[in-house]
Amino acid sequence: MKAENKRDNDREICYSKVFFEEHNIPGYIRDISKSGIKVDIPLQFTPPEGECSMMIIPHEILGLPPFKTRCEIRWAKHSTIYHSLGVLIVSWASEKGKNDYNSLIDYYS
Amino acid sequence: METYIEFREKKYKHLILTISPFSPFNEVLKILNSVRIPWSKIRIDQLFYAVLELINNSIRAQKEKDCHDKIRLEIRIEGTWLKLKLQDAGGGFDTARLPYDINAAIQDISLNQPSFLAYREKHQYKRFGMGLFITKKTFTIFRLTFYNEEDQPVDWIPEGKNTHIKGTIIDLGIDLVEKNEGRKQTR
């Protein structure tokens with residue numbers, strides 16, 4: 001199932017969670033691509049400038065542990081219930097994390 | 001204006017989706033994403049994100065019990081209202097264990113309160129405890145009940161074993177178009 005694609009990488013509808021540790025903010029992944037994700041945050045959140053730490057928590061059905069990334073928030077929009085963020089993944093804390101991220105994309109494609 | 005649900009290129013006033021708790025979750029996501037309501041003034045995706053959280057909760061509850069009963073999502077259009085009924089056989093749950101008072105007004109609950117942080121930490125960030133709250137905030141009508149084997153509503157008994165509860169029913173409703181000036185809302 002494809003989301004509207006305005007970028008180089010195809011995006012897939014996705015369901016997983018994220019946690020911005022430095023800011024104590026939880027969120028939900030709505031779509032995912034090789035380079036980044038769209039996240040919905042259900043509470044007030046001022047996106048930081050520059051890189052920040054983000055933990056991705058795959059849906060339990062995948063059996064993958066949470067893994068850490070460094071990311072940049074490229075855009076933010078607010079609607080009634082959520083703040084939506086476009087998040088660029090800059091790096092993964094481990095090679096396993098990167099592989100698990102790819103597994104997440106594969107599962108939802 | 002014709003009001004309807006669109007699913008797989010057909011129009012319906014009433015749609016029932018049954019979900020096996022052991023189905024691949026990506027398939028559940030695709031099916032839910034296939035439901036369209038093109039005449040709605042409200043973003044349907046945000047409504048169904050909330051419902052997806054509830055479905056996820058139901059799946060988890062039934063898996064924990066190794067219950068293979070289908071989870072039932074009934075979607076109905078009544079005038080311009082969207083009505084949803086989600087029913088599972090997950091055995092109910094203790095709402096007192098939520099990080100907030102489920103009976104409190106939405107405006108009195110803050111997702112920043114310490115109890116949400118503690119809940120996330122307790123569940124190692126795999127659960128946020130926000131699904132029901134987001135649903136209550138999203139929908140105008142929100143009603144949570146437990147039911148028994150005879151399909152009768154029953155209460156959760158604090159400190160009890162609660163084996164009399166078969167599962168949970170959540171009723172939701174929202175008007176999908178803007179209210180007209182001067183018209184009284186009767187629902």
Self-check item: region A:93-109: number of residues that are open to solvent by 60 Å² or more (accessible area, probe 1.4 Å) and either at pLDDT 95 or above or touching a Ser or Thr at 6+ places or on another chain (Cβ under 9 Å) (or both)
Solution: 5
Quiz item: So how many residues does region A:56-79 have that are at the interface with chain B (Cβ under 8 Å from one of its Cβ atoms), part of a loop (DSSP other than H, G, I, E, B) and surrounded by 15 or more Cβ atoms within 10 Å (Cβ to Cβ)?
Solution: 2
Exercise. Specify which of the listed residues (B:Lys65, B:Lys122) is open to solvent by 30 Å² or more (accessible area, probe 1.4 Å), within 14 Å of chain A (Cβ to nearest Cβ) and not hydroxyl-bearing (Ser, Thr, Tyr).
Key: B:Lys122
Exercise. Search region B:68-86 for residues that are over 19 Å from B:Thr135 (Cβ atoms) and pair each with any residue that is surrounded by 17 or more Cβ atoms within 10 Å (Cβ to Cβ) and acidic (Asp, Glu) when their beta-carbon atoms are under 6 Å apart and the residues are at least 6 apart or on different chains.
Key: B:Thr80/B:Asp175
Quiz item: Exactly one of (1) within 14 Å of chain B (Cβ to nearest Cβ); (2) in a helix (DSSP H, G or I); (3) in contact with a Phe, Trp or Tyr (Cβ under 6 Å, 6 or more places away or on another chain) is unmet by A:Asp100. Its number?
Solution: (1)
Quiz item: Yes or no: B:Arg43 open to solvent by 10 Å² or more (accessible area, probe 1.4 Å), over 14 Å from the mean Cα position of the chain (by Cα) and within 8 Å of chain A (Cβ to nearest Cβ)?
Solution: yes
Exercise. Can you work out which of the residues in region B:78-114 that are within 13 Å of chain A (Cβ to nearest Cβ) and open to solvent by 30 Å² or more (accessible area, probe 1.4 Å) is farthest from the chain's Cα centre (by Cα)?
Key: B:Pro114
Practice problem: All but one of (1) under 25 Å from B:Pro153 (Cα atoms); (2) of a type outside the set (A, V, I, L, M, F, W, C); (3) buried (at least 21 other Cβ atoms within 10 Å of the Cβ) hold for B:Tyr49, so report the exception by its number. | Solution: (1)
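The values are calculated or read from the model by the stated rules, or taken from the named source; none is laboratory data. Quick caveat: nothing in here was measured; it's all calculated off a predicted structure. Virtual Cβ from ideal backbone geometry, glycine too; neighbours counted across all protein chains shown. Calculation scope for accessible area: heavy atoms of the full protein, side chains included, ligands and nucleic acids excluded. Shrake-Rupley method; radii C 1.70, N 1.55, O 1.52, S 1.80 Å.
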